Structure formats: C-alpha cells, structure tokens
Amino acid sequence: MTDKLILKEHAQRRQFVSEMHLRRWPEICAPTEIIQILRLVSEQNDKLEQSAIGDLPTGSCLDEADNSKHVSGTMPGGIAFTVEFHTEASLVTLFAPTFAGKETSFFGGEGAAGDALAWAARLPGAVLRATRITVVKNEANAEKLLENFNFRPDDLVSCRVGNGARVWSDFRIGDDAFGRLVIAANEVSCHELSRLVQRLQELGNYRNLALLGLPAAQQSWPTLSQLEQQLASLASDVSNPEITDDHLLDRVSELSMDLIQLSTATSYRMSATTAYARLVEERLADVDVVSIAGFQSLEDFTQRRFRPAVRTCAAHTSREAELSLRAERFASLLRTRIETRIENQNARLLLSMEKSSTLQLRLQQLVEGLSVVALSYYVIGLIGYATKGIDIVSSSPHYELVLSLFTIIVVFVVWRIVHVAKETLFKAAESKH
C-alpha cells in the first residue's frame with residue numbers, strides 16, 4: 001500500500017477552484033416561486049450582511065463553502081437560499097417550490113415563507129432591484145396567472161427564451177415594491193431551467209447596475225458644457241495682447257483641475273457601466289431571445305432604452321476625455337509660447353550683455369593703455385630729475401640721450417608689469433571658481 005501523496009498547494013488554489021463553481025443556483029423545477037433582492041452595499045454594510053447570516057430563521061442549514069462571498073443553504077419548509085457578495089452589491093435569492101403559483105406564498109406573512117422573506121427584507125443595503133419570479137409548467141398555467149399580476153398591456157414584454165420557455169413581464173415596480181416575472185418552462189429540463197432563469201435575472205441585475213451611470217452622466221453634462229465654453233474663451237483670449245500669459249496659464253490650470261475632479265468623481269461609475277453593459281449583451285445572447293408577434297421582446301426592450309442610456313454614458317466618457325486632451329494641448333501650446341518668449345528675452349539679454357562686455361573690454365584696454373602711459377610718464381619724470389642732478393655733477397653733455405633711452409625701457413617695463421598683474425588676477429579669479 002502506497003503512502004498518500006501530499007502536494008504542496010498554492011495558498012489560493014482552492015479559492016480559485018471554488019470561484020469557478022460560485023453563483024450556481026440549486027436545480028429548480030416548475031412550479032416554483034423565486035424571490036430575489038439586489039442591494040447596493042458599502043464596505044461596512046458588506047460586513048454587516050455577512051454577519052446577518054447568523055440571523056437566519058431557526059432551523060436553517062448552511063451548505064459547506066470554500067468562499068465567504070457566496071453562502072447557500074436551506075430554511076425550514078424546504079426553502080433554499082443563496083447570498084452573494086459582490087464589489088458594490090449583494091444578492092439574496094429565495095426558492096420555494098412548494099408555494100409556486102399562490103399569492104400568499106412569500107407575501108402572506110405567515111409560516112416559513114413569511115419568515116424567509118422577513119429575513120431577506122431586513123438585511124442592510126439600498127434595494128436596487130427586487131423581483132418575484134413565478135415559474136409554471138406551461139403557457140396555459142401562465143395565462144391563468146397573468147390576470148392577477150396586472151401587467152400593463154403597453155409595456156408587456158413576452159418572448160421565447162432558451163429552448164422553448166416563455167417569459168412575461170412589464171418590468172415595472174408593483175404596489176408591493178417588487179417587479180414580477182412569469183416564466184412558462186414548457187419542455188425545458190429542470191437543470192436547463194435553473195441556468196435559464198439565473199441568466200434572465202443576471203440580465204436584469206446587470207442592466208440596473210449599468211444604469212447607475214446614467215444619472216451621473218446627465219448631472220455632469222452641464223458641467224462639461226461649461227468647461228468647454230471656458231476652454232473656447234481661453235482660445236479666443238490668446239490673441240488678446242492685454243491678457244498676460246501668466247493669467248491664461250492660471251485659468252487653464254484651474255480648468256484642468258476641474259476636469260480632474262470631474263473625472264475622479266465619474267470615472268469609476270462610467271467604467272462600471274461599460275463593464276455591466278457588456279455583461280448585459282452577453283446574457284442577452286445567452287438566453288437566445290425569439291420574438292412573438294404582438295409583443296415586444298427582451299431584445300426590443302433593451303434596444304429601446306437601455307442601449308441609448310449606455311451610449312449616453314459612453315458619450316460622456318468620450319467627451320470628457322476629448323475635453324481633457326484639448327485642455328492639455330492648449331496648456332502645452334501656451335507653455336511653449338511662454339518658453340519661446342523667455343528664450344527670445346534671454347537671447348536679447350545675452351546680446352546686450354555681449355555688447356556691454358565688448359564695450360567694457362575696449363574701455364579696459366583704453367584704461368590699461370592710459371595707465372601704462374601715466375605710470376611711464378611719472379617714472380620718466382623721476383628719472384629725469386635724477387639725471388639732471390647727475391648732469392650737474394659730472395657736466396655730462398648726453399642728458400637728453402640717456403633720458404630718451406630710459407623712456408623706451410620704462411614704457412616696456414611698466415607695460416610688462418601691468419600685463420603680468422592682470423594675468424595673475426585672472427588666474428586667481430578662475431582658481432576660486
């Protein structure tokens with residue numbers, strides 16, 4: 001007998017495996033009634049909802065799970081439930097096969113069904129979507145129930161989905177704060193029916209989550225228009241000589257900051273809308289909608305209002321990005337103009353300094369020449385006084401000749417001394433630097 005093989009597993013291996021099996025509904029068969037509530041939750045509410053699992057009705061049983069983001073189990077009366085925790089939403093679903101088709105099932109306020117609904121209703125978070133789903137065996141059974149649901153004929157959506165099932169709904173909120181969805185299973189198997197109903201619900205849930213971006217886009221639209229006008233005003237003020245570049249740069253910097261604040265406030269919502277909209281399109285393709293004459297289908301319903309709303313959000317994102325790019329280009333051009341002006345000013349300053357240096361050099365050379373002449377004159381004068389005394393003593397007739405020879409020598413010596421002193425000073429200054 002061989003020893004049991006022990007593998008060194010990655011710390012998150014089992015979490016990854018469980019992730020691939022999450023969010024599966026239990027197998028459902030007609031007749032069944034399903035309650036689903038989608039809520040928006042903050043991080044704090046998410047923790048509260050996880051702790052609310054401990055508030056389940058007495059006698060409830062939890063299934064084993066490797067991931068705390070998905071909890072499932074069974075309540076008294078055979079009511080199955082699932083609780084899912086997402087990034088910004090939570091989802092509670094109740095399944096009651098034995099109460100299908102009865103108006104007093106979950107909403108009678110008595111028994112196990114009433115306790116289950118009361119538990120689901122008191123969980124924290126703002127309800128974004130709440131749906132009562134009634135699944136019956138065939139279309140004949142569904143027709144009997146439609147009269148009780150008071151669907152609006154003008155808004156009624158009905159079509160075939162999957163491999164023959166049919167759905168009815170007006171996608172409006174009833175007096176009980178729930179939307180209603182009726183599904184005739186027809187010949188669809190229980191396993192396939194479970195997957196189909198789950199995809200239909202995901203289609204609606206992702207649709208509502210995607211639509212959260214529409215109010216944000218609509219509220220930001222006037223702000224974008226105002227910022228565009230400000231940018232246009234800046235562009236026209238560039239040619240006005242009375243407006244300084246510094247003032248223009250301050251204004252475009254302020255505009256850029258407003259754009260950054262707007263982008264920070266809306267970018268997550270717009271990105272989420274894009275992601276949710278893609279999921280809606282995928283789920284719509286998964287349910288394989290087939291139109292029925294005289295009714296609008298899920299495809300028609302989605303095409304009529306949802307897709308224009310998503311395009312509005314996409315247009316907001318595109319407009320914001322384009323405006324940011326234009327503001328960045330304007331600021332770059334303005335900075336380039338300012339830098340060019342500064343370079344021209346520096347060039348004129350350097351030219352002026354060059355002229356000044358040339359003039360100073362010439363003045364220095366003139367002063368240096370005059371200094372040599374002046375020093376030579378004083379030295380020769382002293383020598384002249386000395387030679388006069390010698391001439392009196394020795395009665396030398398060559399006084400003028402000696403003085404003229406000394407003049408040449410003195411001028412050369414003085415010039416050399418001044419030149420050496422100047423070089424010494426320059427070298428000392430360079431060594432300090």
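Numerical summary
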quantity: Accessible-area composition of the chain, carbon plus sulfur, in percent [1.4 Å probe]; calculated: 57
quantity: Average accessible area per residue (Å²) across the chain - probe 1.4 Å, nucleic acids and ligands excluded; calculated: 60
quantity: FRET efficiency, 1/(1 + (r/R0)^6) with R0 35 Å, evaluated for residue 348 and residue 406 via beta carbons; calculated: 0.10
quantity: Gain on full stretching of the segment that runs from residue 281 to residue 138 - 0.36 nm per residue minus C-alpha separation; calculated: 48.7 nm
quantity: Rg and Dmax [Cα atoms of region 216-333; Å; Rg one decimal, Dmax integer]; calculated: 20.2, 69
quantity: Distance between modelled label sites at residue 63 and residue 427, nm, 7 Å Cα→Cβ extension; calculated: 9.6
quantity: Length added when fully stretched, residue 223-residue 377, from 0.36 nm per residue minus Cα-Cα; calculated: 46.9 nm
quantity: Distribution of pairwise C-alpha distances over the chain, 20 Å bins, in %; calculated: 18, 30, 17, 11, 9, 8, 6, 1
quantity: Helical mean residue ellipticity (222 nm; -39500 (n - 2.57) per DSSP H run of 4+; nearest 500) of the chain; calculated: -21000 deg cm²/dmol
quantity: Highest-fluctuation residue, 119, 221, 415 considered, GNM on the chain with Cα pairs under 10 Å; calculated: 415
quantity: Label-to-label distance, nm, for residues given as residue 176 and residue 357 (7 Å Cα→Cβ offset); calculated: 9.3
quantity: Stretchable slack from residue 235 to residue 416, in nm (0.36 nm times residue separation minus alpha-carbon distance); calculated: 58.6 nm
quantity: Distance in nm between pseudo-label sites at residue 271 and residue 152 (7 Å out along the Cβ direction from Cα); calculated: 3.6
quantity: Three-way shape label, region 150-213, alpha-carbon gyration tensor, a/c 1.5; calculated: oblate
quantity: Förster-model FRET efficiency, 51 Å R0, residue 288 and residue 250, C-beta, rounded to 0.05; calculated: 0.30
quantity: Disulfide-incompatible cysteines by the Cβ rule (no partner under 4.7 Å) in the chain; calculated: 61, 159, 313
quantity: Residues with amide H under 5 Å from that of residue 179, placed H, sequence gap 5 or more; calculated: 130, 131, 132, 174
quantity: Karplus-derived HN-Hα couplings along region 300-305 (A = 6.51, B = -1.76, C = 1.60, θ = phi - 60°), whole Hz, x at Gly and Pro; calculated: 5, 4, 5, 5, 5, 10
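The values are calculated or read from the model by the stated rules, or taken from the named source; none is laboratory data. Small disclaimer: the values here were computed from a predicted structure and weren't measured. Please note: Cβ atoms are built from the backbone with ideal geometry, for glycine as well, and neighbour counts cover all protein chains shown. We work out accessible area using only protein heavy atoms, side chains counted, and drop any ligands, DNA or RNA first. Shrake-Rupley method; radii C 1.70, N 1.55, O 1.52, S 1.80 Å.
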